[in-house]
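Contents: one structure, followed by commentary.
The values are calculated or read from the model by the stated rules, or taken from the named source; none is laboratory data. A quick note: this is a predicted structure, and the numbers were derived from the prediction, not measured. Neighbour counts run over all protein chains shown; Cβ positions are idealised from the backbone, glycine included. Please note that ligands, DNA and RNA were not included when accessible areas were found on the heavy atoms of the full protein model with its side chains. Shrake-Rupley method; radii C 1.70, N 1.55, O 1.52, S 1.80 Å.
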Amino acid sequence: MIGRLNHVAIAVPDLAAAAANYRDSLGAKVSAPVDIPHQGVTVVFIELENTKIELLHPLGENSPIAKFLENNPSGGIHHISCEVNDIYAARDKLKASGKRVLGSGEPKTGAHGTPVLFLHPKDFDGTLVEIEEVAKAS
Ligand code: CO
């Protein structure tokens with residue numbers, strides 16, 4: 001069902017410092033910060049050859065990242081995102097096998113303008129897993 005690893009998202013306490021670190025220490029190509037108000041985050045996209053890293057920082061009140069950073073003040077991996085061809089089919093299959101889909105269960109528009117859902121970390125070894133519908137997922 002799942003295809004490629006689309007991205008790994010890392011919550012960071014200082015977005016500019018984290019972006020500079022990836023750019024200067026690792027030689028990565030980093031984007032300018034992008035505000036995504038409906039998700040409550042500012043994101044710096046890092047393009048790698050085979051996948052992406054997203055540096056996440058809270059934006060506005062009630063950001064879903066704020067609590068995570070409270071618990072992990074130096075930052076940390078927040079979620080991984082895997083591609084699927086059909087997010088509704090994936091959701092229904094997961095639910096049928098007893099996995100919990102977070103929120104209303106209806107896909108929301110993610111950071112790349114594609115439909116996404118998040119799966120309960122307790123069902124996936126303590127890791128928040130995002131599934132993302134991408135047209136050409138394998
Ligand atoms: Co994501």
In debye to the nearest 20, the charge dipole size for the chain, taken about the Cα centre with +1 at each Lys and Arg Cβ and -1 at each Asp and Glu Cβ, equals 320 debye
Restricting to Cα pairs under 8 Å and 6 or more apart, the percent relative contact order of the chain works out to 26 percent
Checked region 71-138 against the a/c 1.5 cut and the a/b vs b/c comparison, axes a ≥ b ≥ c from its Cα gyration tensor; verdict oblate
Per-residue ellipticity at 222 nm attributable to helices in the chain (runs of n ≥ 4 DSSP H, -39500 (n - 2.57) apiece, nearest 500 deg cm²/dmol) works out to -6000 deg cm²/dmol
Checked the chain against the a/c 1.5 cut and the a/b vs b/c comparison, axes a ≥ b ≥ c from its Cα gyration tensor; verdict prolate
Long-range amide H partners of residue 48, meaning residues 5 or more apart or on another chain whose placed amide H is closer than 5 Å, are 53
Residue span residue 108 to residue 8: 0.36 nm per residue of separation minus Cα-Cα distance leaves a gain in nm of 34.2 nm
Taking a probe of 1.4 Å and leaving out DNA, RNA and ligands, region 2-133 shows per residue an accessible area in Å² of 54 Å²
Expected unfolding gain across residue 71-residue 21 under the 0.36 nm per residue rule, minus the alpha-carbon gap, is 15.8 nm
Per GNM of the chain with C-alpha springs under 10 angstrom, the most fluctuating residue out of 20, 11, 90 is 20
Of all DSSP beta bridges with both partners in the chain, the antiparallel percent, nearest 5, is 70 percent
Distance in Å, no decimals, from the C-alpha centre of region 87-138 to the one of region 1-78 is 19 Å
Rounded to the nearest 10 degrees, the helix 87-96 long axis (Cα) sits at an angle to the longest Cα principal axis of the chain of 60 degrees
The percentage of the accessible area of the chain (probe 1.4 Å, all protein chains present) made up of carbon and sulfur atoms, to the nearest whole number, is 54 percent
